[in-house]
Amino acid sequence: MPRARTALHFCYDPTGERYGLPTYPWRMAPAGLATRRQLLALELRPGQREPVAQILWRRGRRRAYLYEIAKAKPKRIPTLAQLAAIERALAARRTCTRCGTDAGYCLPRRWDGCPACDPAGTVGAPAGAAGHPIP
């Protein structure tokens, strides 16, 4: 009787013959490798490096590339001017186009204003509802 295959057989390829990159199942990558998000948590970035391996899960429909932690570069620090520009852009996204008040959160672009300046409740309504023209 043939041995039953596990769910890991399709994504365990440490030599890289099948996929071109060494491939590991979820949570089975060797130490010293990290995904982009894991590098970001360590305040590192891949730099100009190509991935050295990958993780596959969900029957190969999902993948994450792995980079060497030892060869990663420090995360770039934004300048004061860049931080100020980001703050202005985020403030513009929080500001109501009708009344000019800061909503405290980013307003969706499909809204014509904030809920506070629209007592009829038409802000956030789908297009064509409550007198909003369909673009």
Scan the range 19-54 residue by residue and report those that are more than 28 Å from ILE77 (Cα to Cα) and β-branched (Val, Ile, Thr).
-> THR23
Collect the residues in the range 1-36 that are of a type in the set (S, T, N, Q) and at pLDDT 85 or above, keeping them in residue-number order.
-> THR15, THR23, THR35
Quick one: is LEU21 outside any loop (DSSP other than H, G, I, E, B) and either in contact with a Pro (Cβ under 7 Å, 6 or more places away or on another chain) or exposed (fewer than 12 other Cβ atoms within 10 Å of the Cβ) (or both)?
-> no
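Conditions tested, residue by residue: (1) closer than 30 Å to PHE10 by Cβ; (2) in the same structural domain as CYS11 (by TED's automatic domain parsing); (3) surrounded by 11 or more Cβ atoms within 10 Å (Cβ to Cβ).
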position	(1), (2), (3)
ALA34	yes, yes, yes
GLY47	no, yes, yes
ALA84	no, no, yes
THR101	no, no, yes
TYR105	no, no, no
Within the range 6-19, is even one residue over 30 Å from ALA103 (Cα atoms), touching a residue at least 12 places away in the same chain (Cβ under 8 Å) and of a type in the set (Val, Ile, Thr)?
-> no
Could you please tell me which pairs satisfy a Cβ distance under 6 Å, a separation of 6+ or placement on different chains, a first residue in the range 60-84 that is within 19 Å of ARG45 (Cβ to Cβ), and a second residue that is modelled with pLDDT of 95 or more and part of a helix (DSSP H, G or I)?
-> ALA72/LEU39
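The values are calculated or read from the model by the stated rules, or taken from the named source; none is laboratory data. Note that this is a predicted model, so its numbers are computed, not measured. Reconstructed Cβ throughout: ideal geometry from the backbone, glycine too, with neighbour counts over all protein chains shown.
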